[in-house]
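Before any comments, here is the structure.
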Amino acid sequence: SQQGEEDPQALSIQEGENATMNCSYKTSINNLQWYRQNSGRGLVHLILIRSNEREKHSGRLRVTLDTSKKSSSLLITASRAADTASYFCATDGHDYKLSFGAGTTVTVRA
Amino acid sequence: DAGVIQSPRHEVTEMGQEVTLRCKPISGHNSLFWYRQTMMRGLELLIYFNNNVPIDDSGMPEDRFSAKMPNASFSTLKIQPSEPRDSAVYFCASRPSGAYEQYFGPGTRLTVT
């Protein structure tokens, strides 16, 4: 069963704009990860945030984690056409197994 | 640097036939995961191996599904007999010891008619 739920399901933005997507989960976690999936490809790991961290940056990506609300957000700044993909949050619940959400489909218009 | 390798990339078979999907994890990674992705159910973990030993197969849908990892560089997922509802994209992922992130293969798109 899926632990995480992403919101929104789909997002369409203009190139150069920021894209924000959210993830909510239900149970205690060790860490939360974000993955990207381009159409017809496998998932690619983007960023990991541990349960004792509140914010993390990697290039144009910014991830926040609020364990009291059991939620996380992924911000992609200055979006590019190449950012068009589906984005998934995945929770690691202390057992090394990942539970993936349904994903947010992001379309960046040129 | 070779990533996770899966074969075949596409498989079309008839209901009742046996299907075998193959995976070669990244060298040095000691954990291997099989996932299934469908529009209806999203990405589901089927089975997880650590050091070639199956640790958790609670996601395997039924006895028609079996997975093996005879050595550190090879794993198979077998469906016998296959059914139309098995149509999905099957991913293999590997993970190095001590790390949390997983590295996914390109997937095998299975169509059962």
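By the scheme Lys and Arg +1, Asp and Glu -1, what is the net charge of all other residues having a beta-carbon under 12 Å from that of B:Gln6?
Around B:Gln6, the charge tally is +4.
What ranking do B:Phe33, B:Phe65 get, fewest neighbouring Cβ atoms within 10 angstrom at the top?
Final ranking by Cβ density, sparse to dense: B:Phe65, B:Phe33.
Within straight cross-link reach of A:Lys26, meaning Cα distance under 15 Å, which aspartates and glutamates are found once same-chain residues fewer than 8 apart are removed?
Straight-distance partners of A:Lys26: A:Glu5, A:Glu6, A:Asp7, A:Asp66, A:Asp92.
Comparing B:Leu21, B:Leu43, B:Leu32, which has the greatest mean-square fluctuation in the GNM of chain B with Cα pairs linked when under 10 Å apart?
B:Leu43
What is the distance, in nm, between label points placed 7 Å from the Cα along the Cα-to-Cβ direction at B:Ser27 and at B:Ile5?
Reported label-point gap for B:Ser27 and B:Ile5 is 1.1 nm.
Using a cut-off of 14 Å between beta-carbons, work out the net charge of the residues near B:Leu46 (Lys and Arg +1, Asp and Glu -1, B:Leu46 not included).
Charge balance in the 14 Å sphere: 0.
If neighbour count is taken as other Cβ atoms inside 10 Å, put A:Tyr25, B:Tyr100 in order from fewest to most.
B:Tyr100, A:Tyr25
For chain A, what is the charge dipole size about the Cα centre, in debye to the nearest 20, if Lys and Arg each add +1 at the Cβ and Asp and Glu each add -1 at the Cβ?
140
When B:Glu101, A:Glu53 are ordered from fewest to most other Cβ atoms inside 10 Å of their Cβ, what list results?
A:Glu53, B:Glu101
Calculate the spin-label point distance for A:Ser39 paired with B:Thr111, positioning each point 7 Å from the Cα along the beta-carbon direction, and give it in nanometres.
About 1.7 nm separates the two model spin labels.
Out of the GluC sites (Glu not before Pro) in the range B:12-88, which ones are loop residues according to DSSP with at most 16 other C-beta atoms within 10 Å?
For GluC sites (Glu not before Pro) across the range B:12-88 that sit outside H, G, I, E and B with at most 16 neighbouring Cβ atoms in 10 Å, the list reads B:Glu14, B:Glu18, B:Glu62.
Considering only the other residues whose Cβ falls under 10 Å of the Cβ of B:Pro106, what net charge follows from Lys and Arg at +1 and Asp and Glu at -1?
+3
Among the listed pairs A:Lys56/B:Lys78; A:Lys97/B:Lys78; A:Lys69/A:Lys97, give every one whose C-alpha distance is greater than 32 Å.
Long pairs (Cα-Cα over 32 Å): A:Lys56/B:Lys78.
What spacing in nm lies between the two simple spin-label points modelled at A:Ser58 and B:Asn71, each 7 Å away from Cα in the Cβ direction?
Between A:Ser58 and B:Asn71, the label points sit 3.2 nm apart.
Read-outs throughout are calculated quantities, based only on the coordinates presented, and are distinct from any laboratory measurement. On a predicted model such as this, the values are computed, not experimentally measured, just so you know. Cβ coordinates were reconstructed from backbone atoms using ideal geometry, including for glycine residues, and neighbour counts include every protein chain displayed.
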